[in-house]
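> One structure, pasted below without further comment.
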Amino acid sequence: MDLKQEIRSFTPIDIEKLSQEKNVSEKVIDSVKGYNKAIENLRTGSEDIAMIELKKVISVNPDFFEAVNLLGLCYAYTNQIGKAQELFARVADSEGNSAKVEEYLNYIGRESTSGKGAGNIRTVKPEVSPKNPKQRAAKPKKPTNEEVQPEYVLIKNLGSQLKKPSVAVTINILSVICLIAAIAVFMVNYKNTRSNESSPDTTVNTNEKYNKVVSQNEKLKKDLDAANLKLKQIQLSSQLSQISGLYGQYKYVEAADMLLALPAKDLSAENKKKYDSIKANILNSAANQLTTEGNSLFNKKKYKEAIQKLEKVFTYGAKWPFGDKALYVLGKSYVANNEPQKGAETYNKLINDYPASTYSRYAKSRLESLK
């Protein structure tokens, strides 16, 4: 079995058609949206993001067996056989004699015992289980002739130390101290020069000392600037990792706010690449979360809180796939909060930005009632 081809055989579900069916809850529709998003991420090679989305889908809708099967295949593809077997077994217990699930179980059972078919299973770094935190240490790499040379070891150790923020800060402090010392030396030399101005024989020597001190001072400034720049990039890289961690914990709004607060123009090429790879998913997830929360607050008649959530949706982007719903609920919230003018403006924006949406028809009807 070609696991990669099997994963690609999963296709998105038609949301519009599903929404038209009766007795379909909003929870089911949201889980299908997450499932479709996971399929898109798999097609673009973002397996890690897709697996996070599938975990969220299953936590919201445990009976969504297509999502369970797809996550199981992703686990098998990334060589997490135990987790894959657990998910397939859950589907088999629920659906009875499912031929496809039995095929998956038989396949990964052969792979885990015989070790054959490794060409279809990627080997990844194993996850550390909370119940068994002790993992077998990897066999150390045998150093090459170049790596055992003293110069190589010294440079390698120095490079690893410079990556630590504490070391970078120490370098900054030492640079400042050296700069102060250079200025002190310059003042002493300048004083001696002034006291010996009457001696024409020392003029050339004094100029040489002055030029040397100025040169040293400029070099210290350059070293200080370079150390500050490196420290700043280390800090930005740490913040990007923290943002990714928040996204993995489903704290989408917190992750989006932290991401937008980063000075993107100051990022290095490496950090900018990482920033661009996570920005779209984080902002989309945060805006979707705020739309859901705003709708829930409106239903609870907490109109001011709903307005705050729904207005923030469009600070993350001007237009979203779910933006028609966000604008419709925002318009209703304004009207319910005795702000009919803002409500009318929001309905008109919905009609202009999403003319084909069902919510646009509802907005036109509500506009008529405001006249």
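The values are calculated or read from the model by the stated rules, or taken from the named source; none is laboratory data. Owing to the predicted nature of the structure, the values given are computational and were not obtained by experimental measurement. Ideal geometry is used to build each Cβ from the backbone, glycine not excepted, and the neighbour counts take in all protein chains shown.
> Any residue at all in region 239-260 that's among the hydrophobic types (A, V, I, L, M, F, W, C), surrounded by fewer than 18 Cβ atoms within 10 Å (Cβ to Cβ) and not assigned by TED's automatic domain parsing to the domain that holds E53?
Taking every residue of region 239-260 in turn, at least one turns out to be among the hydrophobic types (A, V, I, L, M, F, W, C), surrounded by fewer than 18 Cβ atoms within 10 Å (Cβ to Cβ) and not assigned by TED's automatic domain parsing to the domain that holds E53.
> Condition first: assigned to a helix (DSSP H, G or I) and either modelled with pLDDT under 95 or not charged (D, E, K, R) (or both). Now tell me which residues in region 326-342 satisfy that.
Listed by number, the residues that qualify are A326, L327, Y328, V329, L330, G331, S333, Y334, V335, A336, P340, Q341.
> Pairs, please: C-beta under 6 Å, at least 6 apart or cross-chain, first residue within 13 Å of E270 (Cα to Cα) and in region 233-253, second of a type in the set (S, T, Y) and exposed (fewer than 13 other Cβ atoms within 10 Å of the Cβ)?
Matching pairs, first to second residue: none at all.
> Another question, if that's okay. Taking the condition of being crowded, with 20+ Cβ neighbours inside 10 Å, over 15 Å from K37 (Cα atoms) and hydroxyl-bearing (S, T, Y), how many residues in region 276-307 meet it?
Adding up the residues that qualify gives 1.
> Are any residues in region 308-322 surrounded by fewer than 22 Cβ atoms within 10 Å (Cβ to Cβ) and either charged (D, E, K, R) or not in a loop (DSSP other than H, G, I, E, B) (or both), and if so, which ones?
Matches in region 308-322: Q308, E311, K312, K319.
> If you take the residues in region 78-98 that are within 26 Å of the chain's Cα centre (by Cα) and within 24 Å of Y250 (Cα to Cα), which one is modelled with the lowest pLDDT?
Among those that are within 26 Å of the chain's Cα centre (by Cα) and within 24 Å of Y250 (Cα to Cα), it is A84.
> Taking into account only those residues within region 8-31 that are within 29 Å of the chain's Cα centre (by Cα) and among the polar types (S, T, N, Q), which is nearest to V57 (Cα to Cα)?
Out of the qualifying residues, it is S31.
> Take A326 and tell me if it is at negative phi and crowded, with 21+ Cβ neighbours inside 10 Å.
Criteria met by A326.
> Now a separate question. Among the residues of region 254-271, is there at least one that is assigned to a helix (DSSP H, G or I), modelled with pLDDT under 90 and touching a Cys at 6+ places or on another chain (Cβ under 8 Å)?
no
> Which residues, counting only those in region 39-72, are polar (S, T, N, Q) and crowded, with 17+ Cβ neighbours inside 10 Å?
Hits for region 39-72 are N41, S46, N61, N69.
> Also: Of the residues E40, E66, which is modelled with pLDDT under 90 and under 21 Å from S244 (Cβ atoms)?
Testing whether each residue is modelled with pLDDT under 90 and under 21 Å from S244 (Cβ atoms) leaves just E40.
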